[in-house]
Structure formats: C-alpha cells, structure tokens
Amino acid sequence: DTEVTQTPKHLVMGMTNKKSLKCEQHMGHRAMYWYKQKAKKPPELMFVYSYEKLSINESVPSRFSPECPNSSLLNLHLHALQPEDSALYLCASSQEPRLAGVGDTQYFGPGTRLTVL
Amino acid sequence: GDSVTQMEGPVTLSEEAFLTINCTYTATGYPSLFWYVQYPGEGLQLLLKATKADDKGSNKGFEATYRKETTSFHLEKGSVQVSDSAVYFCALSDPGNAGNMLTFGGGTRLMVKP
C-alpha cells in the first residue's frame with residue numbers, strides 16, 4: 001500500500017483564522033514533505049522532515065508552521081494567511097531520505113484545496 | 001543546477017491515438033527519473049520510474065526509457081483513452097542533492113477526445 005492521506009480535502013479560511021492541515025502515512029517512511037501547488041504549475045517544495053526533524057525549509061514565511069509529532073504524522077499550521085496563499089497543498093512521503101546513490105520515490109497524498117478570503 | 005524540460009501543452013489527441021510527451025533533463029549527479037500524473041482535482045500519482053540508464057519504466061500501458069546519452073525520458077502510450085486526460089509531470093531526483101528533492105518539469109496537459 002502506498003497511501004498518503006490528507007485532511008481536510010477543502011478548507012476556506014479568513015486572514016485572521018488559525019487552521020491546521022494534517023497528513024498521515026503508514027508505510028514506515030522516514031521522510032515527509034509539504035508542497036504548495038498553484039494552478040497550472042508544478043508543485044513547489046516548502047518543507048522536508050527527515051526522521052521527524054526539519055531538514056529543509058525553502059524560505060517559507062513564518063505564517064506556515066510545520067510539525068512532525070511522530071514518524072507517521074505531519075501537520076501544517078496556518079496563521080494570518082494572505083489570499084495569495086490560496087493553493088493546493090500536497091503532502092508526500094518517501095522511504096529513506098539518505099538512500100545512497102539512488103533517488104528515493106516520493107508518494108503524494110490527494111492534497112488540501114485551501115482558499116484564503 | 002538540475003532542471004527538467006517537457007513539451008508544453010495542451011496536447012489534444014483522439015481516442016486510440018499514439019502519445020509521446022517529450023522530457024529532457026540536466027543533472028549534476030546520476031538521477032532517478034519519474035513520471036507523475038495529476039487528474040483534475042486530485043494529487044499527484046506516481047505513474048512510472050527508472051533509476052539507471054536504459055531502464056524502462058512501465059505502468060497502465062505507459063512506458064518511458066531512461067536515455068543517458070540523450071538525457072531524455074520521453075513518455076509514450078500506444079493507444080490513449082479519454083480517461084488518460086490529465087496533467088503529466090516529468091521529474092528527477094538527484095542523490096547529489098540534499099533532502100532527496102524532486103525537480104519537476106512544467107507539466108503537460110493531455111486532452112483525449114472520444
């Protein structure tokens with residue numbers, strides 16, 4: 001099974017709201033990722049967690065706050081977002097982020113469609 | 001740095017036509033190559049992959065061969081169906097890059113008409 005689940009599927013929030021996106025995988029993967037995807041564009045990497053530790057932050061504004069409570073869960077906390085943050089947020093996971101010599105396969109969830117009013 | 005270039009769409013085909021979506025790459029290391037598909041309103045699904053030169057990835061009638069000499073990974077299908085209508089992303093993962101990051105092409109939208 002290569003399933004990554006994400007909740008909620010859709011989210012509408014105001015600029016003063018605080019909300020969280022959730023991602024879960026039960027494949028024993030040790031790397032988890034957050035991506036942002038705007039319409040008609042490829043996904044853009046936001047954060048990478050490796051063995052539950054934040055390893056990459058692609059200069060993402062602090063209004064996005066990731067959290068990895070355990071090896072199966074990844075959250076993205078949202079606060080004071082702007083309308084331009086409206087996008088599809090994708091979570092992915094991969095088995096072994098440091099697999100020597102071979103690019104590791106990332107498996108994506110269905111995404112959360114976020115609208116900021 | 002690494003980059004992936006794929007043909008711009010949309011590509012419009014009739015059902016049962018032959019499909020080719022071109023993908024070329026540049027990489028500093030020896031990358032793994034992937035095709036992902038995104039159906040309307042959904043996330044990305046791994047379609048196929050290849051990890052070394054001359055490997056052929058295949059799935060659901062789609063094929064792509066890792067050509068190191070031409071730095072290409074073109075996607076082909078012999079007979080497309082309406083249900084293949086989606087956006088296709090070519091991507092690479094370079095083990096020389098920290099964090100196993102994926103580098104994506106711009107995506108190619110495929111529209112198949114009955």
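Here are some notes:
- Trypsin sites (Lys or Arg not before Pro) within region A:42-114, DSSP loop, no more than 16 other Cβ atoms inside 10 Å: A:Arg63, A:Arg98
- Taking the alpha carbon gyration tensor of region A:1-67, multiplying each eigenvalue by 5 and rooting it gives semi-axes of 21, 16, 14 Å, largest first.
- GluC sites (Glu not before Pro) restricted to DSSP loop in region B:17-114 with at most 13 other C-beta within 10 Å: B:Glu69
- Going from the fewest other Cβ atoms within 10 Å to the most, the residues A:Ile56, B:Ile21 appear in the order A:Ile56, B:Ile21.
- Values of log10 I(q)/I(0), in the order q = 0.10, 0.17, 0.22 Å⁻¹, for chain A under a Debye, Cα-only, solvent-free model: -0.27, -0.78, -1.28
- Region B:13-114, relative contact order [Cα under 8 Å, separation at least 6], %: 34 percent
- Sorted ascending by nearby beta carbons within 10 Å, beginning with the fewest, B:Cys23, A:Cys68, B:Cys90 become A:Cys68, B:Cys23, B:Cys90.
- The coefficient of translational diffusion for chain B, derived via Stokes-Einstein from the alpha carbon Kirkwood radius under 37 °C and 0.692 mPa s, stands at 233 µm²/s.
- FRET efficiency estimate (nearest 0.05) - Cβ-Cβ, A:Met27 to B:Thr28, R0 41 angstrom: 0.90
- Convex hull volume of the protein assembly as shown per residue (C-alpha atoms, cubic angstrom): 119 Å³
- Other residues whose C-beta falls under 12 angstrom from the C-beta of B:Lys52 contribute a net charge of +2, scoring Lys and Arg +1 and Asp and Glu -1.
- Remark: spin-label model distance B:Thr12-A:Ala39 equals 2.0 nm, labels positioned 7 Å along the Cα→Cβ axis.
- In sequence order, region A:76-81 has phi-based couplings of 10, 8, 10, 8, 6, 6 Hz under the Karplus curve 6.51 cos²θ - 1.76 cosθ + 1.60, θ = phi - 60°, and Gly or Pro positions carry x.
- Computed over chain A, relative contact order equals 37 percent, with contacts defined as Cα pairs under 8 Å that lie 6+ residues apart.
- Sorted from greatest to least, the principal axis extents spanned by the alpha carbons of region B:15-68 come out as 35, 25, 16 Å.
- Its alpha carbons give region B:39-94 an Rg and a Dmax of 12.1, 36 Å.
- For region A:17-80, the relative contact order comes to 40 percent (Cα pairs under 8 Å, sequence separation of at least 6).
Coordinate-derived values only; no laboratory data. In this text the structure is predicted, and so the values were computed from the model without any measurement. Ideal geometry is used to build each Cβ from the backbone, glycine not excepted, and the neighbour counts take in all protein chains shown.
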